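Below is one structure, written out as structure tokens; the observations come after it.
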Amino acid sequence: MVELIAAIVVDLSDQKLYVYNPQQELVRTVLVSTGKATSPTPTGEGQVFTKDRSVTMRGRGYVAPGVPWAMCITENGAICMHGAPWQEAAGEAFGVPRSHGCIRIPSPHARWLFENTPVGTPVTIQS
């Protein structure tokens, strides 16, 4: 079932992503992995600027091809919410900071978010 998402809140302290519908009701809570201490996820208000079913991400010291269900929440594309199949394949749990600043989401949830989140959806990242 497709459900319109009206807002997303990422809480860095509990490593969870909260999804709200237009009636401001919580419709899903997802355990995520955000930025490590050396590459923290920035706090603040943003929105979904771009969406890519699969994209190659590059940063200092890494290239990650085929990153699925990517929704970038900064205008420059530096911080995105996306699936992390490599983390799942390695058996690494979510709920622990592991990324270079992005918000890693378990693949089934990442796909659901991607399919139900319009460009322009507000995203709040709080500590």
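The values are calculated or read from the model by the stated rules, or taken from the named source; none is laboratory data. These figures come from a predicted structure and were not determined experimentally. Here the Cβ is made from the backbone with ideal geometry for all residues, glycine too, and neighbour counts use every protein chain on show.
Key figures for this structure:
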item: Given (1) surrounded by 14 or more Cβ atoms within 10 Å (Cβ to Cβ); (2) farther than 13 Å from Asn116 by Cα; (3) at pLDDT below 95, index of the condition Pro65 fails; result: (1)
item: Residues of region 16-51 classified as polar (S, T, N, Q), outside any strand (DSSP E or B) and either over 19 Å from Ser99 (Cα atoms) or in contact with a Gly (Cβ under 7 Å, 6 or more places away or on another chain) (or both), total; result: 5
item: Single residue of region 109-122 satisfying the filter (out of contact with any strand residue (DSSP E or B) (no Cβ under 7 Å at 6 or more places or on another chain) and outside any loop (DSSP other than H, G, I, E, B)) that is surrounded by the fewest Cβ atoms within 10 Å (Cβ to Cβ); result: Glu115
item: Candidates Ala70, Ala78 - the one that is surrounded by 14 or more Cβ atoms within 10 Å (Cβ to Cβ), under 17 Å from Ile125 (Cβ atoms), out of contact with any Cys (no Cβ under 6 Å at 6 or more places or on another chain) and free of Cβ contacts under 8 Å to residues at least 60 places away in the same chain; result: Ala78
item: Count of residues meeting criterion [of a type in the set (Val, Ile, Thr) and either over 13 Å from the mean Cα position of the chain (by Cα) or more than 15 Å from Ala78 (Cα to Cα) (or both)] in region 44-66; result: 3
item: Region 16-31: number of residues that are touching a Pro at 6+ places or on another chain (Cβ under 8 Å) and under 20 Å from Cys72 (Cβ atoms); result: 1
item: Selected residue (only one of Ser54, Ser13 is loosely packed, with under 14 Cβ neighbours inside 10 Å, in a loop (DSSP other than H, G, I, E, B) and of a type in the set (Ser, Thr, Tyr)); result: Ser13
item: Residue in region 54-62 that is within 17 Å of His109 (Cα to Cα) and either among the charged types (D, E, K, R) or in contact (Cβ under 8 Å) with a residue 12 or more places away in the chain (or both) present; result: yes
item: Filtered residue count, region 76-108, keeping only those that are in contact with a strand residue (DSSP E or B) (Cβ under 9 Å, 6 or more places away or on another chain) and not in a loop (DSSP other than H, G, I, E, B); result: 13
